[in-house]
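Heads up, the thing below is written out as C-alpha cells.
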Amino acid sequence: MNEPGLQSLLDQETLDRRVRAEDAPQWVIDHWETFQSGLLGERNDSPFPCFFGAESVGNGEPLYTTVPSMSDADALLTLRDRILDYLDVYREHADRASLVTFFKPPADPLPERAYHDALWHILQTLHLHDPEPWPEDIPTDPDDQYWEFCLGGEPMFPTCRAPFYDTRKSRYCPVGLEITFQPRALFEGLNVTADDEAGQRARDIIQDRLEDYDGVCPHADLGDWGVDGDREWPQYMLSADDEQAPSECPMTVTRDHPKPAAKLP
C-alpha cells in the first residue's frame, strides 16, 4: 500500500499529501478535491446524507485508487488487483474503510447511457477475471433480492457518482466516474442492515437528509438488500433518465467464471 504509481492502493493521508504536492495528474487532483468537498460540505443547508460516509472521510478512514480508463483492459485488470489488495487490509485499516475509485474522465462529455454501459462493463470484467468462485450463498440472478456484486469471495455494494446527475447532487461528480466499493461485512459491522432496528433508524435518517440535500424525493430504486421487492443492481448507479438506464441488469454471473490470465484478452 502507498506505493508509487497511478494505480496503487493509497490511504487518505497519502492521497491528500500527493495532491497537495501536485504529485498526481490534474484529473486525480480534481477528483479528490470535489470528493472531499462533496462529502464534508453542505448543500441546501444540509450535510451530506450518509453521515457514516462523511464521518469516515472526516476521520481519514477510506482507501483509494485511481484508474486511467473506464475500458482499457490492463487498467481494469489492475483495478481488480487493487480491489483484492483492499479486501486483504480493510478490516485492519479502519472500521469504515470503503474503497473509493476515481476514473480518468473521457475527452468529451458522455450521456448518461454511456456511464451505465461503462459501469456494467467494469463490473462484468472484474467478475470474469475474479480468482475466487462466486459465493455459494449469493444468487447468480440479479433479479433475486439476495443478489449483490461479489469479488474475491466478498459480497459488496459498489455505488457510483457521475457527471450526469443534474438534481441528485449526492450522486454528482463533476469530473468523471467514481465508484465506492463497500463490502457487506462493513455494513454488518456498523449494524446498518435492514434487519437491525438501530440500523433501520439510521437509514431512515439518511433518507430524510437525502431529501433535504438533493431537494427532491429519494429515488424510487433505493432499497435494502434482502428485502422483498428491492433490488441491489439499480442502486449502484441510480438513473436520472429512465430511458437511458438499463431496465434489466446487464451483467451475466456464473459460479465457474473464467480464471484470470496474466493479461486480459
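The values are calculated or read from the model by the stated rules, or taken from the named source; none is laboratory data. A quick note: this is a predicted structure, and the numbers were derived from the prediction, not measured. Backbone-built Cβ (ideal geometry, glycine too); neighbour counts: all protein chains shown.
Per-residue answers, yes or no, for (1) surrounded by 15 or more Cβ atoms within 10 Å (Cβ to Cβ); (2) at pLDDT below 95; (3) among the charged types (D, E, K, R):
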position: G60; (1), (2), (3): no, no, no
position: L76; (1), (2), (3): yes, no, no
position: D88; (1), (2), (3): no, no, yes
position: F102; (1), (2), (3): yes, no, no
position: A118; (1), (2), (3): yes, no, no
position: F149; (1), (2), (3): yes, no, no
position: P155; (1), (2), (3): yes, no, no
position: F164; (1), (2), (3): yes, no, no
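One residue stands out in segment 230-241 among those that are under 16 Å from R168 (Cα atoms), modelled with pLDDT of 90 or more and not aromatic (F, W, Y): the one that is surrounded by the most Cβ atoms within 10 Å (Cβ to Cβ), namely M237. Residue pairs whose Cβ atoms lie under 6 Å apart, separated by 6 or more positions or on different chains, with the first residue in segment 117-131 and under 17 Å from D85 (Cα atoms) and the second of a type in the set (G, A, S) and outside any loop (DSSP other than H, G, I, E, B), do not occur.
Do we have any residue at all in segment 190-208 that's at pLDDT 80 or above and not in a loop (DSSP other than H, G, I, E, B)? No, segment 190-208 contains no residue that is at pLDDT 80 or above and not in a loop (DSSP other than H, G, I, E, B). Within segment 16-35, residues that are under 21 Å from P163 (Cα atoms) reach partners that are polar (S, T, N, Q) with beta carbons closer than 7 Å, at six or more positions or on different chains, in the pairs V28/T66.
Residues that are closer than 25 Å to E132 by Cα and of a type outside the set (S, T, N, Q) occur at least once in segment 50-63.
Looking only at segment 90-100, which residues are more than 14 Å from the chain's Cα centre (by Cα) and buried (at least 22 other Cβ atoms within 10 Å of the Cβ)? Correct list: Y90 only.
Within segment 166-179, being assigned to a strand (DSSP E or B) and surrounded by fewer than 18 Cβ atoms within 10 Å (Cβ to Cβ) holds for no residue. Of all residues in segment 30-49, those satisfying the criterion of being surrounded by 17 or more Cβ atoms within 10 Å (Cβ to Cβ) and at pLDDT 95 or above are D30, H31, W32, T34, F35.
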